[in-house]
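We did not get these values from a lab; they are worked out from the coordinates using the rules stated. If you're wondering where the values come from, they're calculated on a predicted model, not measured in any experiment. Note that each Cβ is placed from the backbone with ideal geometry, even for glycine, and that neighbours are counted across all protein chains shown.
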Amino acid sequence: MSMDKYSPAELLEQLQQLDECPRIEAKRGSAIGPSVMQTVCAFANEPGLGGGYLLLGVEEPDEDHGTFYPCGVTDADKLLNDLQINCRDQFEQAIAVQADIAMLEGHKVIRVFVPELDPAAKPCTFKGRFDSKNKRKTGVWRRGLNGDYECSQTELEPLLLTKSGLGFEQALLPDAEWDDLDPDAIALYRSLRAKVRPHAEELLAPDTEMLRALNLVKKLGERWVPNVAGLLLMGKPLSLRRLLPSVRVDYVRITGTQWVEDADQRFATTLDLREPILRLIPRLEATILDDLPRHFRLEEGSTQRSDQPLLPQKVVREAVVNALMHRDYQVNQPVLVVRYSNRIEIRNAGYSLKPEAMLGEMGSKLRNPVLATVLYDLDFAETKGSGIRTMRRLLEQAGLTAPVFSSNVIANEFQATYLLHQLLGEEQLGWLKQYAHLGLTDDEARAMILAKETGAVDNAGLRSVTGLDTLSASQVLKRLHHQHQLLQKGGAGPSTYYRLSDVASVEGELPLFSENTANTGDLPSNTGDLPSNTGDLPSNTGDLPSNTGDLGVNTAELPADLQERIRQLGSKARKEKLWPVIVWLCALQPLQAEQLAQLLGRRQVSTLKTNHINRLRDHEGFITYTHPEVRNHPEQAYVTTIKGRQWLASQGVAVETSPSPAGDRDD
């Protein structure tokens, strides 16, 4: 990334469109003070971000302005000079930033690009700030979804490991020994490798030398000892339980579309998988495929039908391998696979080292290069960064919605959501025919269907189903709003969303998800040329979460202990008291931000979201969206996650079961 990739106007537009923009920061720019320099430090440090942009002379939304707006700087030359001096003098090593002056809506602003430092040069540290006694003061700043933060010693470790060229996968555990390796798993590696490359040189060596060549063992004196990567790939199940107790995959089958509160009927199926990765990949893949709806397909020229899973097998393989290969194994948190009626969610520790906006682009950033190399040699994985692009292409060919990826840097977590409904089914395409005279593009058609099926569409949601970048998605939505008048705009700034306008809504109604939606593959750019025979793939996979806008908010129905906690909350309650109440409320039923504010007696919904709700969702992972595919959905609500329930339990809160679990509603 370079400074000239985005103009100041394009940077401002991205700020307006996105509620989470880790690569862009706007500041008033009255002086080059600590706030500016902390952002410079964070951009230089954050792994995989590729650097970031500062816009000086741009104000955040306030009472008079609903969006970011240019206010201008007064002495641009002095600010540029101070910035360069500070970048040279305030850090342990100088940061070479690029900056220039530009006009934006009649105001003079400064555009600054801060490059990400090479791993060997990190961390960027303020001079004299490190305090060995105060573990919270490191002098090292990192970049989160909602701003900059001074990282702790624990958060500093990944930067130091990268600096040394080592990772946790190469660590030696104190009690590990050669006997913890499974001879059958070693033999399995030989068999799999021989299928890919029969004459591979490592296959000619004895086990010890072969594993040493793969960087899976190390010699200590006269003993060969497996490192973490060796145990993960070829360890005995009992040894994994002893040495790496959290290294497992939890597969959970849910009836319905949301996490169910009823403890007696919470899971339809649960399965704990704990075995070496070489066996775990095919087993988890088979588990997911066996639990998917199947459809039959009659290939051209064939007289026999073939039953195929709803998600292509290659997509499932990529999803499984990505979760296991890129997981942060230093975090004691199992990989979680949840199969809802309308989607599959795969969550693993370890945020994406590539920014979300770059997922699908060529090039890989590997958290576990040793694991990745072995899996690549066995044809389990690829190392060219094309896996996500391949998944999107295969899903599009199957007529399914592209996966939705969420990478949370602060919570150190990555989630992939695979929707099991077809965005462009036969009825959806039939509905689009009424707009054939407008010559809608593929992307415009997908935006219309997403708005029709989910009730709204926003920039992030459209990007997830089209692969467009932020600016291109914004242009598509603006054309449908201004030029075609098919969408009406709601919200403002980062909270902007679009719903079908009255013009688009007067035609016949379309069910949210048809019982007989067809497999359509690619959508023709001119919807007037829609094919009449669109395949045979059923999409009876359940409905999206229902309308939460009319959920009753009656404090009298809340548990007595919770009512008492709410009464004790003052207008300036600290997070230690407020957060358990929010998570508890969302565990009882999905609640919108406005409903939470009403229950908690808060007038400023935006302040509650910024200071508490967003942090509980982004930083802690205790709550999540009910409409993950459209973040700015006008009926967006929050529901407590598994992690949030576990946290409540650690706080001594026993969540009472609601009489009507969210996953079982019919409304």
From phi via Karplus (6.51, -1.76, 1.60), per-residue ³J(HN,Hα) for segment 65-78 in Hz, x at Gly/Pro: 10, x, 9, 4, 8, x, 10, x, 10, 8, 10, 5, 4, 5
Residues of type lysines that residue 163 reaches as a straight line, Cα spacing below 26 Å, ignoring anything fewer than 8 places off in the same chain: 122, 127, 133, 135, 137, 218, 219, 354, 365, 384
Separation in nanometres of the label points that stand 7 Å from Cα toward Cβ, at residue 121 and residue 379: 4.2
Qualifying lysines (Cα of each under 23 Å from Cα of residue 27; at least 8 residues distant if same chain): 5, 78, 108, 609
Rg and Dmax [Cα atoms of segment 3-152; Å; Rg one decimal, Dmax integer]: 15.2, 50
Per-pair calculated FRET efficiency, R0 = 45 Å: residue 137 and residue 642 via Cβ, rounded to 0.05: 0.85
FRET efficiency for residue 163 and residue 607, using Cβ-Cβ distance with R0 set to 41 Å, rounded to 0.05: 0.60
Contour minus Cα-Cα distance for residue 313 and residue 65 (0.36 nm per residue): 84.4 nm
Linear extension gain, residue 557 paired with residue 651, 0.36 nm per residue minus alpha-carbon span: 31.6 nm
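To the nearest 0.05, how large is the calculated FRET efficiency for residue 96 and residue 179 if R₀ is 41 Å and r is the Cβ-Cβ distance?
Working: r = 52 Å, r/R0 = 1.26.
Computed FRET efficiency for residue 96 and residue 179 comes out at 0.20.
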Residue-by-residue Karplus 3J(HN,Hα) for segment 453-459, coefficients 6.51, -1.76, 1.60, Hz, glycine and proline x: 7, 9, x, 6, 9, 10, 4
